[in-house]
Amino acid sequence: MKRKFHIATEDEILNGETTDVYFLRTEKVLRDNGKADIHVTAEVTASGLPNGYPWGILAGIEEVAHLFEGKPVDVYSMPEGSVFYPREPVMKIQGKYADFAKYETPLLGLICQASGIATRAARIRKITPDKLILSFGIRRMHPAIAPMIDRAAYIGGFDGFSGVLAEKLLGIPSSGTMPHALILVYGKQKDAWIAFHEKLPKEIPRVALVDTLADEKFESIMAAETLGENLNAVRLDTPGSRRGDFRKIIEEVRWELDIRGFKHVKIFVSGGINEQSVRELLSAPVDGFGVGTYVSNSPTIDFALDIVEKEGVPFTKRGKLSGNKQVWECPNCLMHKVTLSDAEPPTCSHCNVEMKPLLQPLIKDGKIVAKLPDVKTIREKVLNELKKLSLD
Ligand code: PCP
C-alpha cells in the first residue's frame, strides 16, 4: 500500500528494517560461515561534541530500551538525562554480534538526535536558569518526530513545549501564545486579543502577540489597555527586517507598560532565538523565550558503536580503546573516570569521594530491567546536574 508519509512504522523500527544494508549483509556472511555465535561487547561513544561543547546530555534511552526488548542481548546504559563527556562509553551491548548488528542504525538514530536536542536545550537552560523557556521548534522538522523533539527539549530543562501530541504522550500540558494569523484573520489586533481572552479557558495565559501590524511598543500599550489585568504577557516575534536593536525595543516596551501601571504584564520573545541571543538579552527585561529551530534542528551527537571485546578478550579497531569498561561519576563534581568493568570504585581526585558506576543494566536477556523514569524525573536530574556544570 503506497505510504502517505516517508516514515518507518514502530514495527519496522523494532524489526531493524530501518538499518543500513551492510549490516544485513554482514549478518548473512557471519551466519553462513559459522560465526553467528561469536560473543562481543560493543560500546557507544562520542569521539567529540558539536561546537566543542564540553559535555552532553544523554537522551533517547527509553526508546532504546524498547528497541532491544525481546532481543537476545544485555544492554548497560547511563540513565537518561546523564551528563556525558567525549570518548567515554554511554552504553554497551553484550551478545552474539550477528543477533544485534542491524540494530546499530536505529540505536544510534535514537540517541544521536535526542541527545543533540537535550544538550542544546540544557545549555540554554544553564544560561538562563530562571526565565521561562518554551520549545517552539517542531514546525521545522518532520512531524513524525515532533513528540521526540519536545520530549528532548523538556528533558534538557525547557519549561514546556508547543506540541499537542507531546502533551498527549507525556501528560504535560502544551504551551503557546497566538499566531500572527489570528490577528490577520480578525484584521484588528484588539478584536483578536479580546476574542482570545473571551473564548479560551482561563488557565491559558493571555499572551498578546504585538508585532503583526504596527510597532511593538504601541501594540503592547494597546494590548495592555485592551485586556488590563487579564493580560499576562506580550509576545514580541519581531521580523528580522524590523529587529534592529531588539534589546532597545524590549526596554521601550517595558518602560511604556510600567509608566502606565502595567507592571504585571510580562515580556516574551521568540523568532531566531539562539544561545547568543539569550546571552545578549539576559539583562534585558525579558521574562521568557520561545526557542524553535535552534533546538529542534540541533546538531546530532556523533555517537558510534564499536566492538571492544570479542569472546571476553579486549579487541577493537584503531582509534578506540579496547576492553569492557565502566564509567564512574563523582556525585559532587560530576567528574568521570573510565576503567575496565571489573575495577574497584575509584575515588574522585578532586573531591576525594567514592565515584558511582554509571553504566547500569538496562536490558538483561531481552528484558527491560531498569526502572525507566518519567520525563519530569529525568528533567529534574538534568536541572540538578546543570548546577554543577559550566558551559565552557
Ligand atoms: C514563529 C513561531 C515560532 C517561533 C517563531 C520559532 O513565528 O511563532 O514559534 O521561531 P524560530 O524557529 O525562529 O526559533 P512565525 O513564523 O511568525 O509564526 P506564527 O505567526 O505562527 O507565530
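The values are calculated or read from the model by the stated rules, or taken from the named source; none is laboratory data. This one's a predicted model, so the numbers in the text were calculated from it and none came from an experiment. Neighbour counts are summed over all protein chains in view; Cβ atoms, including those assigned to glycine, are modelled from backbone coordinates with ideal geometry. These accessible areas exclude ligands, DNA and RNA; they are computed on the full protein's heavy atoms, side chains included. Shrake-Rupley method; radii C 1.70, N 1.55, O 1.52, S 1.80 Å.
Scan the stretch 329-362 residue by residue and report those that are outside any strand (DSSP E or B), in contact with a strand residue (DSSP E or B) (Cβ under 9 Å, 6 or more places away or on another chain) and either free of Cβ contacts under 8 Å to residues at least 60 places away in the same chain or polar (S, T, N, Q) (or both). Show your work before the answer.
Taking the stretch 329-362 first, the residues outside any strand (DSSP E or B) are 330-335, 341-346, 348-353, 355, 358-359.
Restricting the remaining residues to those that are in contact with a strand residue (DSSP E or B) (Cβ under 9 Å, 6 or more places away or on another chain) gives 330-331, 334-335, 341-343, 345-346, 348-349, 353, 355, 358-359.
CYS330, PRO331, MET335, SER341, ASP342, ALA343, PRO345, PRO346, CYS348, SER349, VAL353, MET355 - these are the residues of the stretch 329-362 that are outside any strand (DSSP E or B), in contact with a strand residue (DSSP E or B) (Cβ under 9 Å, 6 or more places away or on another chain) and either free of Cβ contacts under 8 Å to residues at least 60 places away in the same chain or polar (S, T, N, Q) (or both).
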Query raised in the report: Name the residues in the stretch 254-270 that are open to solvent by 30 Å² or more (accessible area, probe 1.4 Å) and either of a type in the set (Gly, Ala, Ser) or over 15 Å from SER220 (Cα atoms) (or both), would you?
Result: GLY261
Query raised in the report: ILE145: of a type in the set (A, V, I, L, M, F, W, C) and within 15 Å of the ligand (Cβ to nearest atom), yes or no?
Result: no
Report task. Residues being part of a loop (DSSP other than H, G, I, E, B) and farther than 19 Å from GLY137 by Cα: count how many of those fall in the stretch 288-322. Result -> 11
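Over 28 Å from ASP245 (Cβ atoms), open to solvent by less than 70 Å² (accessible area, probe 1.4 Å) and among the polar types (S, T, N, Q): which single residue out of SER162, SER174 fits that description?
Values: SER162 fails: over 28 Å from ASP245 (Cβ atoms).
Result of the check over SER162, SER174: SER174.
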Query raised in the report: Is there a residue in the stretch 133-141 that is surrounded by fewer than 21 Cβ atoms within 10 Å (Cβ to Cβ) and away from the ligand (no atom under 12 Å from the Cβ)?
Result: no
Query raised in the report: When only residues in the stretch 283-309 that are of a type in the set (A, V, I, L, M) and open to solvent by 10 Å² or more (accessible area, probe 1.4 Å) count, which is nearest to the ligand (Cβ to nearest atom)?
Result: ALA304
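Of all the residues that make up the stretch 279-296, how many are touching a strand residue (DSSP E or B) at 6+ places or on another chain (Cβ under 8 Å) and touching a residue at least 60 places away in the same chain (Cβ under 8 Å)?
Restricting attention to the stretch 279-296, the residues satisfying the condition of being touching a strand residue (DSSP E or B) at 6+ places or on another chain (Cβ under 8 Å) are 281, 285-292, 295-296.
Subset that is touching a residue at least 60 places away in the same chain (Cβ under 8 Å): 286-292, 295-296.
Summing the residues that are touching a strand residue (DSSP E or B) at 6+ places or on another chain (Cβ under 8 Å) and touching a residue at least 60 places away in the same chain (Cβ under 8 Å) in the stretch 279-296 gives 9.
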Query - Number of the exception - GLN276 against (1) in contact with a His (Cβ under 7 Å, 6 or more places away or on another chain); (2) of a type outside the set (Ser, Thr, Tyr); (3) within 16 Å of the ligand (Cβ to nearest atom) - result: (1)
Report task. Taking only the stretch 1-33 into account, find how many residues are in a helix (DSSP H, G or I) and of a type in the set (Ser, Thr, Tyr). Result -> 2
Query raised in the report: In this structure, is VAL375 closer than 30 Å to VAL253 by Cα, in contact with a helix residue (DSSP H, G or I) (Cβ under 9 Å, 6 or more places away or on another chain), crowded, with 16+ Cβ neighbours inside 10 Å and in contact (Cβ under 8 Å) with a residue 24 or more places away in the chain?
Result: no
Query raised in the report: In this structure, is PRO147 open to solvent by less than 50 Å² (accessible area, probe 1.4 Å), at pLDDT 95 or above and of a type outside the set (D, E, K, R)?
Result: yes
Query - Count of the stretch 40-63 residues which are open to solvent by 20 Å² or more (accessible area, probe 1.4 Å) and either modelled with pLDDT under 95 or among the aliphatic types (A, V, I, L, M) (or both) - result: 1
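Can GLY312 be described as surrounded by fewer than 16 Cβ atoms within 10 Å (Cβ to Cβ) and either in contact with a Gly (Cβ under 8 Å, 6 or more places away or on another chain) or in contact (Cβ under 8 Å) with a residue 24 or more places away in the chain (or both)?
Working: surrounded by fewer than 16 Cβ atoms within 10 Å (Cβ to Cβ): yes; either in contact with a Gly (Cβ under 8 Å, 6 or more places away or on another chain) or in contact (Cβ under 8 Å) with a residue 24 or more places away in the chain (or both): yes.
Yes; evaluated as a whole, the condition is true for this residue.
Quick grid of which residues meet (1) of a type in the set (D, E, K, R); (2) touching a Phe, Trp or Tyr at 6+ places or on another chain (Cβ under 9 Å):
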{"position": "GLY171", "(1), (2)": "no, no"}
{"position": "LEU182", "(1), (2)": "no, yes"}
{"position": "ALA192", "(1), (2)": "no, yes"}
{"position": "ARG206", "(1), (2)": "yes, yes"}
{"position": "ASP211", "(1), (2)": "yes, no"}
{"position": "ALA214", "(1), (2)": "no, no"}
{"position": "LEU231", "(1), (2)": "no, yes"}
{"position": "GLY240", "(1), (2)": "no, no"}
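Would you point out which residue out of GLN276, GLN326 is surrounded by 15 or more Cβ atoms within 10 Å (Cβ to Cβ), free of Cβ contacts under 8 Å to residues at least 60 places away in the same chain and among the polar types (S, T, N, Q)? Even if it seems obvious, please write down each step before you answer.
Values: GLN276 fails: surrounded by 15 or more Cβ atoms within 10 Å (Cβ to Cβ).
So the residue among GLN276, GLN326 that is surrounded by 15 or more Cβ atoms within 10 Å (Cβ to Cβ), free of Cβ contacts under 8 Å to residues at least 60 places away in the same chain and among the polar types (S, T, N, Q) is GLN326.
Applying the selection to the stretch 15-32, what residues are touching a residue at least 24 places away in the same chain (Cβ under 8 Å), open to solvent by 60 Å² or more (accessible area, probe 1.4 Å) and not charged (D, E, K, R)? Please lay out each step first, then the result.
Keep residues of the stretch 15-32 that are touching a residue at least 24 places away in the same chain (Cβ under 8 Å), which gives 16, 18-20, 23-24, 26-27, 30-31.
Going one step further and asking which of them are open to solvent by 60 Å² or more (accessible area, probe 1.4 Å), we end up with 20, 24, 31.
Across the stretch 15-32, the qualifying residue is only LEU24.
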Report summary line: Note: among VAL234, VAL269, just one is within 12 Å of the ligand (Cβ to nearest atom), modelled with pLDDT of 95 or more and not in a helix (DSSP H, G or I), namely VAL269
Query raised in the report: Looking at (1) open to solvent by less than 10 Å² (accessible area, probe 1.4 Å); (2) within 16 Å of the ligand (Cβ to nearest atom), which is the only condition ALA118 fails?
Result: (2)
